[in-house]
Amino acid sequence: MTAIAPRFGPQLIRLLLVTAVLTVGLLGALAGTASAHAALTGSDPKDGAVVDVAPREVTLTFSEQIAMGDDSIRVLDPSSKRVDVAKMQDLSQGGTVRYAVGLKPGLPNGTYTVAWQAVSADSHPVSGAFTFSVGAPSATTATVPDQEAGGGLVGTLYDAARYISYAGFILLVGGAAFVLACWQRGASVRPLQRLVVGGWVTLTAATLVLLLLRTPYTGSGKLGDMFDLGGLSDVLDTKTGAALVSRLLLLGAAALFIAVLFGAYAKRVTEAEAEAEQDGEGNAEAGKAKADLAFGLSLGGTVVAAGIAGTWALSEHASTGIQTGLAMPLDVLHLLAVAAWLGGLVSLLVALYRVPDLERAAVRRFSRIAFISVVVLAVTGVYQSWRQVGSWDAWTDTSYGQLLLVKIGLIAVLLGAAWFSRRWTGLLGEDAKSAEAGAEADAEAGVKAGVDVAEETAEEDVAEAGTAADPERAAQLARQRTALATARKKRDRDADTERSGLRRSVLIEACVALVVLAVTTALTGTEPGRTQEKEVSRTGTEAAAPAPARPVNLTEPFDTGGTKGKGTLRLTIDPAGPGTNLMHVWIDGPDGKPMDVPEVKVAYTLKSQQIGPLPVVPERLAAGHWSAGNVQIPMPGDWHLQVTVRTSDIDQTTIEKNVKIG
């Protein structure tokens, strides 16, 4: 039996450390890329609106289906007291997703804050806040959480658990597939057993952590709430909670699968090999029993693996958006192909470094499976990219498209390393043939064979003599024979450049795969490009970085048409940016001296966003001078300014100008 010998070297340790640092750094860099998967597209009253009469309710409209609780919408008065009453109402109909909450009657004038929090259809939490005013804007002490939903320590732990759960799934499914499809004798090999069992333990533990963290992740953001039984009960009623519980039940079935794979099946394989070595052909009944058990394990394992993969497909991106009926089964197929390729790659790496007698045939079988997996990944990946990105511009203009480009680049590197691995695998086959030819030549010459036979005969004679004379001597001789065999294998291995090349290329594949997995995890937490583009189309254009605010200075002549109706208006807005501004208005007569008039009114309107008019009634400070110290402008833009000057009971005029805010 031709084998590939193991060796751990300093290069392995350095490469794994570099990869671990790169993966952690990449995860940290990508942690800020996750964004909302459902967006607030409208409200009544609108953000920043000033209404004359307090509304009876506040309604919120969203871009896609969300899950909300009775306490998901809070309305706070200027003193930060809640003024919403009764339960939230679901007013959704057709393709419109709308929710409303009632308000207490008789609300006084002032600025009110609306804070909301929900869970998107693809399981990610979203939140936000906006203000509206009754009568006129006022100062407010209302505070809303400065941390976005799903952020902070809880968000970091939740994202880490998601990454670990993907890794556990890949090791569990890919390791078991490698044993059944590539190297059946690996069922009795301890390192591979530890790898598959470790994958099961990792996935199970990560799933439990995700289930416990779900309450603070979508709610309070406090880590202590992960043990809130009431919150856990609410989580179990959601789609994500049901998916996590289903995953735990399927992992119970996976535990039974592992027990049979490494128990009864490993025993059948060992017995079949022993009988084959004994009589040269083996027992037909034993071979049939092994084949039947392998078929049952393959069928049952595929069903369980597909079910576990389905828990992701049913609760994340594939379950929302367009063509979900096709997207979800293709997502399951995509995850299974990833596990077969990357999980099998890690299994091969473990076997190459830890198992002394890995057959070349197992390497060639995995090479074929990896090729098929890559084809499946390409087909399903192209479809999912089209479905999630939506347009060519979204590849570079959205965070999802940019991450996807990074993933494609890493996969290209991974395929390059895989090409070298396939090349080394082919050379292994050629090396096997040349080794067999060399052995035949040596046998004909009788030199090497004779020496080996003589050495083995001498060792056996000494061992028998030692056994008869002294059991301790026999044990010592056995250890010497083992050391001699190990040294011989090490010498052969160090001289085998093909095996060394295969180990290096597979190690590089595995390290790149770790980074690919990190990017994939970040993608599942990032808003799809198609959704981002829809939000941009609803709001006009993406928010640009605000320009430095500059004070607005306006000087305009006016004529109301009556007696003493002519004059000049001077107006300043400082700092002329979003938020609180100071406004001064001066009225000068034709002689340039202050001119007192009965009334001055100002209003702002942002027509592009349908905000306003926002009325401002300045206070008279002195003859010809009015001021307003709390002018609230909600956002930057080209605002339409209207200043009404009344010089008598019937004579007035309105000056209209566009001013740049922010």
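Conditions tested, residue by residue: (1) open to solvent by less than 20 Å² (accessible area, probe 1.4 Å); (2) in contact with a helix residue (DSSP H, G or I) (Cβ under 9 Å, 6 or more places away or on another chain); (3) among the hydrophobic types (A, V, I, L, M, F, W, C).
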site: 192; (1), (2), (3): yes, yes, yes
site: 232; (1), (2), (3): no, yes, yes
site: 262; (1), (2), (3): no, yes, yes
site: 267; (1), (2), (3): no, yes, no
site: 273; (1), (2), (3): no, yes, no
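How about region 386-396: which of its residues are open to solvent by 20 Å² or more (accessible area, probe 1.4 Å), assigned to a helix (DSSP H, G or I) and at pLDDT below 70? 395, 396, listed by residue number.
Here's the yes/no breakdown for (1) acidic (Asp, Glu); (2) surrounded by fewer than 13 Cβ atoms within 10 Å (Cβ to Cβ):
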position: 44; (1), (2): yes, no
position: 57; (1), (2): yes, no
position: 74; (1), (2): no, no
position: 79; (1), (2): no, yes
position: 88; (1), (2): no, no
position: 106; (1), (2): no, yes
position: 113; (1), (2): no, no
position: 116; (1), (2): no, no
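Across region 318-351, what is the total count of residues that are open to solvent by 20 Å² or more (accessible area, probe 1.4 Å) and either modelled with pLDDT under 85 or on the phi > 0 side of the Ramachandran plot (or both)? Number satisfying all stated conditions: 8. Has region 169-189 got any residue that is surrounded by fewer than 24 Cβ atoms within 10 Å (Cβ to Cβ), touching a Ser or Thr at 6+ places or on another chain (Cβ under 6 Å), among the charged types (D, E, K, R) and modelled with pLDDT of 85 or more? There is no residue in region 169-189 that is surrounded by fewer than 24 Cβ atoms within 10 Å (Cβ to Cβ), touching a Ser or Thr at 6+ places or on another chain (Cβ under 6 Å), among the charged types (D, E, K, R) and modelled with pLDDT of 85 or more. The set of residues in region 327-346 that are out of contact with any helix residue (DSSP H, G or I) (no Cβ under 6 Å at 6 or more places or on another chain) and free of Cβ contacts under 8 Å to residues at least 24 places away in the same chain contains only 329. No other residue among 120, 133 is among the small types (Gly, Ala, Ser), at pLDDT below 85 and out of contact with any helix residue (DSSP H, G or I) (no Cβ under 6 Å at 6 or more places or on another chain) apart from 120. The residue pairs whose first member lies in region 573-586 and is more than 19 Å from residue 623 (Cα to Cα), whose second member is open to solvent by 60 Å² or more (accessible area, probe 1.4 Å) and basic (Lys, Arg), and whose beta carbons are closer than 9 Å, counting only pairs six or more residues apart or on different chains, are 575/550; 576/550; 576/660; 577/550.
Tell me yes or no: at least one residue of region 578-587 is among the small types (Gly, Ala, Ser) and either in a loop (DSSP other than H, G, I, E, B) or surrounded by 19 or more Cβ atoms within 10 Å (Cβ to Cβ) (or both). Checked region 578-587: no residue is among the small types (Gly, Ala, Ser) and either in a loop (DSSP other than H, G, I, E, B) or surrounded by 19 or more Cβ atoms within 10 Å (Cβ to Cβ) (or both). When you scan region 300-309, do you find a residue that is touching a Ser or Thr at 6+ places or on another chain (Cβ under 8 Å), modelled with pLDDT of 90 or more and either surrounded by 17 or more Cβ atoms within 10 Å (Cβ to Cβ) or part of a loop (DSSP other than H, G, I, E, B) (or both), even just one? Scanning region 300-309 turns up at least one residue that is touching a Ser or Thr at 6+ places or on another chain (Cβ under 8 Å), modelled with pLDDT of 90 or more and either surrounded by 17 or more Cβ atoms within 10 Å (Cβ to Cβ) or part of a loop (DSSP other than H, G, I, E, B) (or both). If the condition is being polar (S, T, N, Q) and open to solvent by 80 Å² or more (accessible area, probe 1.4 Å), then region 593-610 contributes 608, 610. The residues of region 93-104 that are in contact (Cβ under 8 Å) with a residue 12 or more places away in the chain and open to solvent by 20 Å² or more (accessible area, probe 1.4 Å), listed by number, are 96, 98, 104.
Selection within region 158-168: residues that are at pLDDT 90 or above and under 15 Å from the mean Cα position of the chain (by Cα). The member of this set that is most open to solvent (accessible area, probe 1.4 Å) is 164.
Looking only at region 648-659, residues that are at pLDDT below 85 and part of a strand (DSSP E or B) come to 0 in all. Taking each residue of region 174-189 that is more than 14 Å from residue 336 (Cβ to Cβ) and looking for partners that are basic (Lys, Arg) and assigned to a helix (DSSP H, G or I) with beta-carbon atoms closer than 7 Å, six or more apart or interchain, yields 182/365. Within region 210-220, can one find any residue that is touching a Gly at 6+ places or on another chain (Cβ under 6 Å) and not in a helix (DSSP H, G or I)? For region 210-220, residues touching a Gly at 6+ places or on another chain (Cβ under 6 Å) and not in a helix (DSSP H, G or I): absent. Considering only residues in region 611-634 that are surrounded by 14 or more Cβ atoms within 10 Å (Cβ to Cβ) and of a type in the set (A, V, I, L, M, F, W, C), the one that is nearest to residue 598 (Cα to Cα) turns out to be 626. Under the condition of being in contact (Cβ under 8 Å) with a residue 40 or more places away in the chain, assigned to a strand (DSSP E or B) and out of contact with any Ser or Thr (no Cβ under 9 Å at 6 or more places or on another chain), the residues counted in region 605-647 number 6. Return the residue satisfying two criteria in turn: it lies in region 352-375 and is touching a Gly at 6+ places or on another chain (Cβ under 7 Å) and of a type outside the set (Lys, Arg), and of such residues it is modelled with the highest pLDDT. Once the filter is applied, the top-ranked residue is 369.
When region 199-209 is limited to residues that are in contact with a Gly (Cβ under 7 Å, 6 or more places away or on another chain) and under 10 Å from residue 164 (Cβ atoms), the one that is surrounded by the fewest Cβ atoms within 10 Å (Cβ to Cβ) turns out to be 202.
How many residues does region 64-89 hold that are among the hydrophobic types (A, V, I, L, M, F, W, C) and under 27 Å from the mean Cα position of the chain (by Cα)?
Pass one, region 64-89, residues among the hydrophobic types (A, V, I, L, M, F, W, C): 66-68, 73, 75-76, 83, 85-86, 88.
Remaining after also requiring under 27 Å from the mean Cα position of the chain (by Cα): 66-68, 73.
Matching residues across region 64-89 total 4.
The values are calculated or read from the model by the stated rules, or taken from the named source; none is laboratory data. Source: prediction; values computed, not measured. Because the Cβ atoms are built from the backbone with ideal geometry, glycine has one as well, and the counts that use them run over all protein chains shown. What goes into the accessible areas is simple: the full protein's heavy atoms, side chains included, and nothing from ligands, DNA or RNA. Shrake-Rupley method; radii C 1.70, N 1.55, O 1.52, S 1.80 Å.
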